[in-house]
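Report on the structure given below.
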Amino acid sequence: MCGIVGYIGRREATPLLMQGLKRLEYRGYDSFGIATMGSDINLFKKRGRISDSESDAVALAGYVGIGHTRWATHGEPSDINSHPHTDCSGRIALVHNGVIENYAELKKQLVGRGHRFASETDTEVIAHLIEEHYNGDLREAVEKTLPLLKGSYALLVIAADDQRIIAARDCSPLVLGIGDGELFAASDMMPLLEHTERIVFMEDGDIAEITAGEVAIYCDGARVERPVELVNWCVEDVRKGGFAHYMQKEIFEQPQAFYETIKAGLDDHVADMIKNASEITLVACGTSYHTALIFKYLAESLCNIPIRVEVGSEFKYYPPPLKGLVIAVSQSGETADTLAALKMAKVHGCSTLAITNVQGSTVTRIADRTLLMRAGPEIGVAATKSYTAQLAALMELLDARCEGAFADVLSHAHLAIGEVLLRDIQQAVALCKGAEHVFFVGRGPFYPVSMEGALKMKEISYIHAEGYAAGELKHGPFALLTEQTPVIAVCPPGSTYGVMVSNIKEMKARRAPIIALGTDGDKELEEIVDVFIPLPDTHPLVQVLTASVVLQLLSYHTACALQRDVDKPRNLAKSVTVE
Ligand code: G6P
């Protein structure tokens, strides 16, 4: 969703801001803009993608600037609604990530006092309120404005002839990058990695006064110190490195993501938390919800531990009985619904654990403890290596709870993931790319694996796909089966094999083409299906991983065959920071 960047230093701000915005593109956006500070504010704002416009020719002068990628919430995507927004005089400009819930009331009051509004956004009220409080001291004006706002914000504000950026954060992420005689600000670390590894994570309620040489942070009116942390991601991680898409690169990085996460292990506190938990609830959204469901199946079937899994967006309004350990699973660590659920769990006295890929992200600030996945930065909107690293983290928890029962399996699992990366799936792609509807089916943990397969297919190919428990298809979806409706069935050996084969035969009898993922050498299955994709003969934990990777590849190649924008699918955002 919206992303913000800021720069102050000795270099021209515009190219740095534009480069920074490109690094934030992965979050999802529909328009963008920048402003630089000189004796006036210079402004460029545009609907559409950065690469679609004449953005290379943007040359606003100035060594201080702010920029924004907008994902429309209040007001359609347009040049005018794009950030930065300015006050009536055009001498104050700001970019905002978040939502101002009381903007309508504030706008009415401001219009009543003579302010002229240019846009339909909630953000513009902030610029006019700062204008009312501005007497030459921008920090003071921002400090007086913030208590009037209800909602969430990460803000960067500049004023003409004022050599500062004022940054503020409440419930939306904001990080500062400390360079050599220059400072950067951004919604996340991606735009900062090519400039510095020294990062300050702002906290809720912080206001930062940023000059070229220094940053001073205030909270509740008093100066506070926030630690400078070193990040271990590097700029190579955010380059495509010869792959056609970030998603392809990230799919191929999965053996490493899994291996690194397993190698990092658990700290003693986290291990104790999982070993001693009487009740365990996982809360997550999207792909992370699917990893949580897989964990539930594995924990219940392999270790006999009951697990509850909740969708983040439901949790806040319909909370389950809250007791024991609550685990928030979120690759970005910024998903608003997951964060809201976690806060609620804390209010009810639960112990809380965050599983995330992003050091310093908001979820790590809320939870009692964090288990950091080691996937490295993920740029493709559709989660792939973060999913696999989440599974690694969750399997580590399982292993700790079961006294190391899976340690050996987990230490070798990356090899099997590597093996399936090169599977030939062109026949399966050929069946899917012409379809309007596709079903993914499985049983046990392969049911949420199927849900994830369907989500990937929807996200990036725009083909309607549903993930179903294989036995459920006859309770309705059978009405949709035709020779044009492929069914992808995950059918590993084990207790459900026989019933899966029966289900597949039922679907075939309705003329649906079947693509089956089964164990290498399973001739019986190969003979009854249209396309057979072999998986290595491994432990069930590993089958979950290899099946998931094959389904990612199927979506990826189908989307490529349909010439979709794989890394930036329409309407989607990687980091969903609004409810
Ligand atoms: C968005 C992303 C998904 C992701 C979901 C939850 O919808 O596009 O890929 O699974 O958010 O994100 P989280 O960061 O909490 O895992």
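The values are calculated or read from the model by the stated rules, or taken from the named source; none is laboratory data. Quick caveat: nothing in here was measured; it's all calculated off a predicted structure. A quick note on method: Cβ atoms are made from the backbone with ideal geometry, for glycine too, and the neighbour counts reach across all protein chains shown.
Quick one: would you say residue 76 is surrounded by fewer than 17 Cβ atoms within 10 Å (Cβ to Cβ), acidic (Asp, Glu), under 19 Å from residue 212 (Cα atoms) and in the same structural domain as residue 190 (by TED's automatic domain parsing)? Against the criterion (surrounded by fewer than 17 Cβ atoms within 10 Å (Cβ to Cβ), acidic (Asp, Glu), under 19 Å from residue 212 (Cα atoms) and in the same structural domain as residue 190 (by TED's automatic domain parsing)), residue 76 does not qualify. Within the stretch 462-479, track down each residue that is in contact with a strand residue (DSSP E or B) (Cβ under 8 Å, 6 or more places away or on another chain), assigned to a loop (DSSP other than H, G, I, E, B) and more than 10 Å from residue 507 (Cβ to Cβ). Across the stretch 462-479, the qualifying residue is only 463. The strands (runs of 3 or more DSSP E) located wholly in the stretch 1-108 that include 3 or more residues which are under 26 Å from residue 246 (Cα atoms) and more than 16 Å from the ligand (Cβ to nearest atom) occupy 3-8, 31-37, 64-70.
Scanning the stretch 562-579 for residues that are of a type in the set (S, T, N, Q) and either over 28 Å from residue 414 (Cβ atoms) or more than 16 Å from the ligand (Cβ to nearest atom) (or both), we see that the one that is surrounded by the most Cβ atoms within 10 Å (Cβ to Cβ) is 577.
Within the stretch 314-332, track down each residue that is part of a helix (DSSP H, G or I) and within 17 Å of the chain's Cα centre (by Cα). Hits for the stretch 314-332: nothing passes. Among residues of the stretch 508-531 being buried (at least 17 other Cβ atoms within 10 Å of the Cβ) and touching a Lys or Arg at 6+ places or on another chain (Cβ under 9 Å), the one that is farthest from residue 393 (Cα to Cα) is 529. When the stretch 480-506 is filtered for residues that are farther than 14 Å from residue 443 by Cα and either part of a loop (DSSP other than H, G, I, E, B) or over 35 Å from the mean Cα position of the chain (by Cα) (or both), the ones remaining, listed by number, are 481, 482, 483, 484, 485, 486, 505, 506. All conditions but one from (1) more than 16 Å from the ligand (Cβ to nearest atom); (2) of a type in the set (S, T, N, Q); (3) in the same structural domain as residue 400 (by TED's automatic domain parsing) apply to residue 313; the one that does not is (1). Would you check if there is a residue in the stretch 449-466 being of a type in the set (Val, Ile, Thr), surrounded by fewer than 24 Cβ atoms within 10 Å (Cβ to Cβ) and more than 16 Å from the ligand (Cβ to nearest atom)? There is at least one residue in the stretch 449-466 that is of a type in the set (Val, Ile, Thr), surrounded by fewer than 24 Cβ atoms within 10 Å (Cβ to Cβ) and more than 16 Å from the ligand (Cβ to nearest atom). For the condition in contact with a helix residue (DSSP H, G or I) (Cβ under 7 Å, 6 or more places away or on another chain), in a loop (DSSP other than H, G, I, E, B) and farther than 25 Å from residue 74 by Cβ, residue 194 qualifies. Checking every residue in the stretch 544-561 against the condition of being within 23 Å of residue 413 (Cβ to Cβ), free of Cβ contacts under 8 Å to residues at least 24 places away in the same chain, in contact with a Pro (Cβ under 7 Å, 6 or more places away or on another chain) and not assigned by TED's automatic domain parsing to the domain that holds residue 258 gives zero matches.
Number of residues in the stretch 134-161 that are more than 31 Å from the chain's Cα centre (by Cα) and assigned to a strand (DSSP E or B) equals 1. Of the helices (runs of 4 or more DSSP H) contained entirely in the stretch 231-304, those carrying at least 1 residues that are within 16 Å of the ligand (Cβ to nearest atom) and modelled with pLDDT of 95 or more fall at 246-252, 254-264, 286-303. Scan the stretch 236-258 for residues that are under 17 Å from residue 27 (Cα atoms) and not hydroxyl-bearing (Ser, Thr, Tyr) and jot them down. Of everything in the stretch 236-258, those that are under 17 Å from residue 27 (Cα atoms) and not hydroxyl-bearing (Ser, Thr, Tyr) turn out to be 237, 238, 239, 240, 245, 247, 250. Do we find that residue 394 is on the phi < 0 side of the Ramachandran plot, buried (at least 24 other Cβ atoms within 10 Å of the Cβ) and not hydroxyl-bearing (Ser, Thr, Tyr) in this structure? It is true that residue 394 is on the phi < 0 side of the Ramachandran plot, buried (at least 24 other Cβ atoms within 10 Å of the Cβ) and not hydroxyl-bearing (Ser, Thr, Tyr).
Checking each residue in the stretch 109-158 for being under 29 Å from residue 361 (Cα atoms) and charged (D, E, K, R) picks out 122, 124, 139, 140, 143, 144, 150. Here residue 312 meets the list (1) closer than 19 Å to residue 443 by Cα; (2) free of Cβ contacts under 8 Å to residues at least 40 places away in the same chain; (3) among the small types (Gly, Ala, Ser) almost entirely, failing just condition (1).
Assessment of the stretch 111-119 against the conditions (without any contact (Cβ under 8 Å) to a residue 40 or more places away in the chain, assigned by TED's automatic domain parsing to the domain that holds residue 44, out of contact with any strand residue (DSSP E or B) (no Cβ under 8 Å at 6 or more places or on another chain) and not in a loop (DSSP other than H, G, I, E, B)) yields at least one matching residue.
Among the residues of the stretch 452-476, those that are within 27 Å of residue 383 (Cα to Cα) and free of Cβ contacts under 8 Å to residues at least 60 places away in the same chain comprise 454, 458, 464, 465, 466, 467, 468, 469, 470, 472, 473.
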